[in-house]
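*Asks:* I am attaching a structure below and will ask some questions about it afterwards.
We did not get these values from a lab; they are worked out from the coordinates using the rules stated. In this text the structure is predicted, and so the values were computed from the model without any measurement. Using ideal geometry, Cβ is built from the backbone for each residue, glycine included, and neighbour counts are taken over all protein chains shown.
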Amino acid sequence: MAQKDRLFALIQSLTREEKAHFTKFAQLSTKKKEPDYLRLFKAISKQKDYEEEKFCQQYEGENFVKSIHAKKSHLANKILESLQILYANRSVESEIQQALHSFHFLYERKLFKTLVQKLKAAKAKAITHEYYDSLIQLIDWEKKLLLLDVNKKTESQYLQLINEQQKYQRLAQQIRRYQDLAEQLKFIWREDIRLTKPVHQKAVVELMKDHLKAPDNLSESNTLYRLYYKLKVRYYRAIGEHEKACQNAQKVVDLFEGNALLKKDRLAYKKALCSFLSTCNRAKKYDHFEITLDKVRALSQKSGQLGEEEMELYNTTCRLGLSFYLNNNRFQEGIQLAKEIERKWESFATYLNKGRQLLYCYNIMILYWVVSDLREAEHWLYRILNFGPTTKRQDLIHASRLFQLVIYYDLEEVDFKKRIQNAQRTLKSNGQLSDFAQLVLTHFKNLERAIGKKDQTTAFQNFKMALQEFKTQNGNSIPLGWHELSHWLERKINRG
């Protein structure tokens, strides 16, 4: 973003509460009715778009447009200062940081009793919430105060503080190492979300090979425990051992459910539950799935208005709920959820990336197809095929370009031959005419040419055999849409 637009973007990002607080803050330390920077703030707030030249012409003669760059820089600093004050005591971590800032003034004024009192309170909070970086700083102050009164016990007390500080340094270092590993894994996933390429699978294994064994100090920190098992979840998902991923995700959930303080962080608890749901879904283990799904929904209802992260988690429950209802043949419950999603599609689309949007469309299309509501299935198919340019989830688009033939065959489209030709042309022009796609197209051409029930049954049976042979030859590399096609063919053959 250009320099001239940064302040405008900052002001546009402020909530109503933050703007009101800034207005009051700006008037506290001035005798003027409104300082120039506040008047500049109000003027920029009124703009729908910001072009500096036009803005200066609009307010020509106003003092706040003179030396506009310096005035804008001053205003930006004042806004950030106001936000710092507004949010100073809204988290335990910020309270501890505020206390640390105050220690310098108390020490200079020799108010040691007050300093010790505040130090003890801050340290107790830091230990409870495992803020190790803050604890390292707090112990530095304990050591500094201890040296003011040297006696026989000073040396042993000082050594105790050194040992305690070293313990927190080790924990902080281990936590940072796991956080860095988690981010490195995310980079790999961004390149290949389904980890279909051997090079990405190998990269995950290489990254994690020295970190699978639990560290000796794992039991000393809930934060470390949680990060360790979250990493193991990602590792086992990457190498396809979904049952082990599920077991490790359960350990994270158990940690939260066994600790009342951790459960107070509803967002972190919901993330743990959603991770467990995702791994259960991949492992096809549904023993505790519905109970966990209900827990997440209950937490979402208590949260009231959902922020971006919470909306993402709510979307996760909807996405996994759809998958659960599909996999467990509870189609009517799935249809109800699909209707809820469609009602909320505007807000869903705002918070979801294009890949997730496509996944919703695909699952809902399949759901309506399963219950034989072909027109609704066609509606969601249309959304996928007309989604617009994207590099995300090309596997879903590829599968939909093939699966449209199932829907239009069942709809008994008049010019089905042309539909096959168009699908083939589109797949070829998008570089998606894979071996699997050619197999599917070939057998749909056979179906289109089949005359009479006997020929159709033979065509269905040959198609089914070809799919089974493809699966045998390709092992675990079964493309998306294979199962749906196989299910459709079974239904056709059984109906005779």
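*Asks:* Just want the ordering: R234, R90, R282, from fewest to most Cβ atoms lying within 10 Å of their own Cβ. Don't jump to the answer; show the numbers that get you there.
*Replies:* Working: R234 22, R90 9, R282 16.
With the fewest neighbours first, R234, R90, R282 line up as R90, R282, R234.
*Asks:* Keeping to pairs on different chains or 8 or more places apart, tell me how many lysine pairs in the stretch 245-286 have Cα atoms under 24 Å apart.
*Replies:* So the count of such lysine pairs works out to 11.
*Asks:* Let me ask something else about it. Which aspartates and glutamates, on any chain, are close to K202 with Cα under 17 Å apart, when same-chain ones fewer than 8 places away are left out?
*Replies:* E183, E191, D192, D210, E241
*Asks:* Helix 266-283 versus the longest principal axis of the chain: what angle, 0 to 90°, nearest 10, using Cα atoms?
*Replies:* It is inclined by approximately 30 degrees.
*Asks:* Could you name the lysines in cross-link range of K428, using Cα to Cα under 26 Å and dropping any fewer than eight places away on the same chain?
*Replies:* Here the lysines satisfying the reach criterion relative to K428 are K197, K354, K392, K417, K418, K445, K464, K471.
*Asks:* A further question on this structure: Counting other C-beta atoms within 10 Å, which of V252, V150, V370, V440 has the fewest, and how do the rest follow? Mind dumping the intermediate values first?
*Replies:* Numbers: V252 24, V150 10, V370 19, V440 29.
In increasing order of surrounding Cβ atoms, one gets V150, V370, V252, V440.
*Asks:* Let me have the 222 nm mean residue ellipticity of the chain computed from DSSP H runs of 4+ only, each contributing -39500 (n - 2.57), with the sum over all residues rounded to the nearest 500. It would help to have the intermediate numbers written out before the result.
*Replies:* Numbers: 25 runs with 382 residues, N = 496.
Helix contribution divided over all residues of the chain: -25500 deg cm²/dmol.
*Asks:* For I68, I366, what ranking results if the residue with the fewest other Cβ atoms within 10 Å of its Cβ goes first? Spell out each step's value before the answer.
*Replies:* Values: I68 15, I366 23.
Ordered from fewest to most neighbouring Cβ atoms within 10 Å, I68, I366 come out as I68, I366.
*Asks:* Here are some values of volume of the Cα convex hull per residue in Å³: (i) 337; (ii) 207; (iii) 166. Which one was computed from this structure?
*Replies:* Matching entry in (i) 337; (ii) 207; (iii) 166: (ii).
*Asks:* Note down the net charge around E62, summing +1 for each Lys or Arg and -1 for each Asp or Glu among other residues with Cβ under 12 Å from its Cβ. If you can, show how the numbers build up before the last one.
*Replies:* Values: positive: R39, K42, K66, K71; negative: E34, D36, E60.
Residues near E62 contribute +1 overall.
*Asks:* Expressed as a whole number of Å, what is the distance separating the alpha-carbon centroids of the stretch 306-344 and the stretch 164-194?
*Replies:* Each part reduced to its Cα centre gives a spacing of 31 Å.
*Asks:* Now a separate question. Please give every one of the aspartates and glutamates within straight-line cross-link reach of K295, meaning a C-alpha to C-alpha distance under 19 Å, and leave out same-chain neighbours fewer than 8 residues apart.
*Replies:* D254, E257, D265, D287, E309, E310, E312, E333, E340
*Asks:* Okay, moving on. Which is farthest toward the positive dipole end of the chain among N329, Y382, S300, measuring Cα position about the Cα centre, with Cβ charges +1 (Lys, Arg) and -1 (Asp, Glu)?
*Replies:* Final value for the positive-end residue is S300.
*Asks:* Need one number: nm distance between label points at F112 and R177, each 7 Å from Cα along Cα→Cβ, rounded to one decimal.
*Replies:* The two pseudo-label positions are separated by 3.9 nm.
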